[in-house]
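J.: Before I ask anything, here is the structure I am working with.
The values are calculated or read from the model by the stated rules, or taken from the named source; none is laboratory data. Computed from a predicted structure; not experimentally measured. All Cβ positions, even for glycine, are placed from backbone atoms using ideal geometry, and neighbour counts span all protein chains on display.
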Amino acid sequence: MDKIREIVCAIIRESLFGEDFDTHYKGADKLDDNTIAKVFSELSVQTVLCFADNWLLKHKPQDEKLFEEWRRMSMEYQIRVLYIMSAQQKLVELLEQNGIDFVIIKGAAAAVYYPDPLLRMMGDVDLLVKRNDFERTAKLLEQNGFEHDGDLGSNEQHHEGYVKYKVMFELHRRLPIVDESNDKLLSIFEKGIDERVNGSIEFMEFPMLTEKLNGVVLLFHINQHLRVGLGLRQILDWMMFVDKNIDDEAWQREYLQLTKSVGLDKFAKIVTRMCQMHLGLNKQLTWCADADPEVCDSFLNYIFDKGNFGIKAGKEGYVASVFLRSTNPFKILARLQQKGMNGWDKAQKNAICRPFAWIHALRKELKQIRAKNISISKMNDLKKEGLRQRQFVESLGLDADRNIYDLD
């Protein structure tokens, strides 16, 4: 791991677990402005900039413009979080007044585990309702000034997007990683809505899933974005959840069987062990001790290489992620057919078009690749990179072709 990544990890350990940076990072007194600027860039790309507020005051760069820009961005992030929480509160009040059962997922439901929830950057508000309440909830939102964002839900069947107060609200009828036909798993989360508990940030209360299901959602979220790219924020969400909830006894009693049932037990261990090795998580936990250290190191570097939602990988990262998927023609066809059914209105409305949904998806995917304007030689390199990433994903205990979960 290079110097900048080591510094970022040391900053996170200090911010979240109180490990003194100057004690644990050798050469802390020799950080020049160029290094600090690179740290600033990395923290921004990973959307974890606010965790470095106290560190920045101790390691203030000589470049006043850099210092002021850092402070400004961090302050704006935190103001934005408060603004989103305020908008979320208005949504909570609206739904509760109209008798709709729901839970907030990710976002605030992850931030509650942090020492200071306001340091956890938020981009939108995600809410999960029961399938039978989805249409009624959508209608209620539209009647109360929430503007439908057709672009967000155009390729997905699990949620719709709405905008109000300059905030994006994602209304979910199911989690994106749960198949529509999986009634058993869908029913577990719908029961979770019935058994919801209250979360609170800055005296603003909201309903959230029970501890165990909320943790599974955070683990699901990592896998959901893994192939294209995820950032440290999703990893830290899981880490802080584990720190508060999953000791060795809880793992054996509550989580081992559940993660096994969805094929995520090995993955949960690798993510958790990586957090122990590099990000400050309690090393007294032993339930993840058998995770391969080399895979853990590779996973952290993969996260740094990709950036939040793959922003660092760019257009080439997108193409590599296409090649990451199966080369089995039957699996390719099945994936394209499902993607076509989700994104082609004609296939959803007209039975005659449904057998040809895969053609629609293939054309769209080829168009996206051509739009990247990548040379043939580079395309071959990206194919090799995609296959390498495929092997890596499988080393995490995951199916490289699938992030939709079934229960054994």
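J.: With respect to residue 76, determine if the residue is under 24 Å from residue 274 (Cβ atoms) and either of a type outside the set (Gly, Ala, Ser) or assigned to a helix (DSSP H, G or I) (or both). Break it down into steps so the answer makes sense when it comes.
T.: Working: under 24 Å from residue 274 (Cβ atoms): no; either of a type outside the set (Gly, Ala, Ser) or assigned to a helix (DSSP H, G or I) (or both): yes.
So residue 76 does not fit the description; no.
For every residue, the table says whether it meets (1) in the same structural domain as residue 48 (by TED's automatic domain parsing); (2) within 17 Å of residue 397 (Cβ to Cβ); (3) among the basic types (Lys, Arg).
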residue	(1), (2), (3)
244	no, no, yes
248	no, no, no
256	no, yes, no
259	no, yes, no
278	no, no, no
282	no, no, no
291	no, yes, no
295	no, yes, no
299	no, yes, no
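J.: Please verify whether residue 39 is part of a helix (DSSP H, G or I), β-branched (Val, Ile, Thr), touching a residue at least 24 places away in the same chain (Cβ under 8 Å) and under 19 Å from residue 307 (Cβ atoms), treating the condition exactly as stated. Break it down into steps so the answer makes sense when it comes.
T.: Working: part of a helix (DSSP H, G or I): yes; β-branched (Val, Ile, Thr): yes; touching a residue at least 24 places away in the same chain (Cβ under 8 Å): yes; under 19 Å from residue 307 (Cβ atoms): yes.
Criteria met by residue 39.
J.: Return a yes/no flag: does the range 47-59 have any residue that is outside any helix (DSSP H, G or I), over 21 Å from the mean Cα position of the chain (by Cα) and modelled with pLDDT under 95.
T.: First pass over the range 47-59, keeping only residues outside any helix (DSSP H, G or I): 47-48, 59.
Checking which are over 21 Å from the mean Cα position of the chain (by Cα) leaves us with 59.
Cutting the leftovers down to modelled with pLDDT under 95 gives us 59.
Within the range 47-59, one or more residues are outside any helix (DSSP H, G or I), over 21 Å from the mean Cα position of the chain (by Cα) and modelled with pLDDT under 95.
J.: Can you tell which of 312, 378, 339, 383 is part of a helix (DSSP H, G or I) and either at pLDDT below 60 or touching a Phe, Trp or Tyr at 6+ places or on another chain (Cβ under 7 Å) (or both)? Step through it out loud before you land on a result.
T.: Working: 312 fails: part of a helix (DSSP H, G or I); 378 fails: either at pLDDT below 60 or touching a Phe, Trp or Tyr at 6+ places or on another chain (Cβ under 7 Å) (or both); 339 fails: either at pLDDT below 60 or touching a Phe, Trp or Tyr at 6+ places or on another chain (Cβ under 7 Å) (or both).
Exactly one residue qualifies, and that residue is 383.
J.: Restricting attention to strands (runs of 3 or more DSSP E) lying wholly within the range 88-161, give those where 1 or more residues are within 17 Å of the chain's Cα centre (by Cα). Write out each step before concluding.
T.: Values: elements: 102-105, 125-129, 147-149.
In the range 88-161, the matching strands (runs of 3 or more DSSP E) lie at 102-105, 125-129.
Residues are listed down the side, and each one gets a yes or a no for (1) surrounded by 15 or more Cβ atoms within 10 Å (Cβ to Cβ); (2) in the same structural domain as residue 274 (by TED's automatic domain parsing); (3) at pLDDT 95 or above; (4) not in a helix (DSSP H, G or I):
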{"residue": "176", "(1), (2), (3), (4)": "yes, no, no, yes"}
{"residue": "184", "(1), (2), (3), (4)": "no, no, no, no"}
{"residue": "188", "(1), (2), (3), (4)": "yes, no, no, no"}
{"residue": "225", "(1), (2), (3), (4)": "yes, yes, no, no"}
{"residue": "241", "(1), (2), (3), (4)": "yes, yes, yes, no"}
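J.: From the set of residues in the range 1-36 that are free of Cβ contacts under 8 Å to residues at least 12 places away in the same chain and charged (D, E, K, R), which is farthest from residue 69 (Cα to Cα)? So that I can check it myself, show each step before the final result.
T.: Initially, the range 1-36 is screened for residues free of Cβ contacts under 8 Å to residues at least 12 places away in the same chain, giving 2, 18, 20, 23, 26-27, 29-30, 32, 34.
Filter once more, so that each one left must be charged (D, E, K, R): 2, 20, 26, 29-30, 32.
Numbers: 2: 25, 20: 25, 26: 26, 29: 22, 30: 22, 32: 17 Å.
Filtering the range 1-36 for residues that are free of Cβ contacts under 8 Å to residues at least 12 places away in the same chain and charged (D, E, K, R), the one farthest from residue 69 (Cα to Cα) comes out as 26.
J.: Look at residue 230 and say whether it is under 15 Å from the mean Cα position of the chain (by Cα), in a loop (DSSP other than H, G, I, E, B) and crowded, with 18+ Cβ neighbours inside 10 Å.
T.: Working: under 15 Å from the mean Cα position of the chain (by Cα): yes; in a loop (DSSP other than H, G, I, E, B): yes; crowded, with 18+ Cβ neighbours inside 10 Å: yes.
When the stated conditions are applied, residue 230 passes them.
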